[in-house]
Amino acid sequence: MTLTVVFGLLLGLGLVLIISPFAWPSAALVRMRSVPAAGALRRRLAQAGLGSVSLSAFAVVSGLGGLAVAALSFALVPVAVIALIAGVAAIALPVAMVQWRARSRRRAARVLWPDIVDHLVSAVRSGLALPDSVVTLAHTGPAPTREAFAEFEQDYRATGNFGISVNALKDRLADPVADRILETLRMSREVGGSELTTVLRNLASYLRQEAAIRSEVEARQSWVLNAARLGVAAPWIILVLLATRPEAAAAYNTAGGVLLIVGGLVVTLVAYRLMLALGRFPEERRWFI
């Protein structure tokens, strides 16, 4: 009887542990879920290296571009629904370009982080303090990241607070790998320890292996993404060519033509998103925000 009760308690405890991430999410996860679209777009701009661009200017440029493309499309192809779709696509195009640039910068930075960790290990082993070791990356680190570390140097010289300067550096780099490295340095500075160089060397080795695996998988899955883009573009190119004829434009301007185009748009978007979900390697999320 006692053994049955113990097994029952263990089973209940296991079920509680399984559902605990969903029933009681961490504060960081709650913040990530509650961040509005503006905050997400701001982070994407920072990841794309466009952190100085304001959201209002970005919205104005996107809106004006959408209006211009819609007017031009209607002038070339006199079908109202096609012009509307072109305008909406033009408004969404800057967001897509920012996301593409952010992913490209993250892929490029993926190769740089192991070298940055090696520089940190060399600086720490030479006897420099942790803040000075990070400052050296403004002069000896990879060129794409030197500006961010130079701004860290200015912040640290002005405030003398390592934690605040690290938080600002994390916002500028906007990269999950940078978050892990900087949080490791912060923990080492706050609680001490003699295994920092060993931890950093192991982290550099892991990052190199992860970068190699991701590159191989992305290369093998690139054909899926290319097929998705070709499958999306081909029917719409044919539709535009057909709509240039007056009789086809008149047919597409009817209720049935609008319904046909909108239905095709929905099917295209669903199929494209499915292809992207199948062919894209999941990106690492930022947990130390």
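Observations on the structure shown:
- Convex hull projection area averaged over all views, segment 213-266, Cα basis, nm²: 4.4
- Packing here is the average count of other Cβ atoms within 10 Å per residue, and on that basis the peptides 130-141, 215-226, 167-178, 197-208, highest first, run 167-178, 130-141, 197-208, 215-226.
- Stretched out straight at 0.36 nm per residue, the stretch from Gln99 to Tyr206 would grow longer than its current Cα-Cα span by 35.9 nm.
- J(HN,Hα) series, segment 211-221, from Karplus relation 6.51 cos²θ - 1.76 cosθ + 1.60, nearest Hz, glycine and proline x: 5, 5, 5, 4, 4, 5, 5, 5, 5, 6, 8
- Counting only the Cα atoms, segment 164-289 fills a convex hull of 144 Å³ per residue.
- Peptides 61-73, 265-277, ordered by how many other C-beta atoms sit within 10 Å of their residues on average, highest first, read 61-73, 265-277.
- Whole-Hz couplings from phi, Karplus 6.51/-1.76/1.60, listed for segment 153-163; x for Gly and Pro: 4, 5, 5, 5, 5, 7, 9, x, 9, 5, x
- Ligands, DNA and RNA left out, the 1.4 Å accessible surface of segment 130-289 is 65% carbon and sulfur atoms.
- Our note on the geometry: Cα centres of segment 93-139 and segment 229-279, 43 Å apart.
- Under Karplus coefficients 6.51, -1.76 and 1.60, residue-wise ³J(HN,Hα) of segment 141-150 in Hz, glycine/proline x: x, x, 4, x, 9, 5, 5, 5, 6, 5
The values are calculated or read from the model by the stated rules, or taken from the named source; none is laboratory data. Because the structure is predicted, anything quoted here is derived from the model rather than measured. Methodologically, a virtual Cβ is constructed for each residue, glycine included, from the backbone with ideal geometry; neighbour enumeration extends over all protein chains shown. These accessible areas exclude ligands, DNA and RNA; they are computed on the full protein's heavy atoms, side chains included. Shrake-Rupley method; radii C 1.70, N 1.55, O 1.52, S 1.80 Å.
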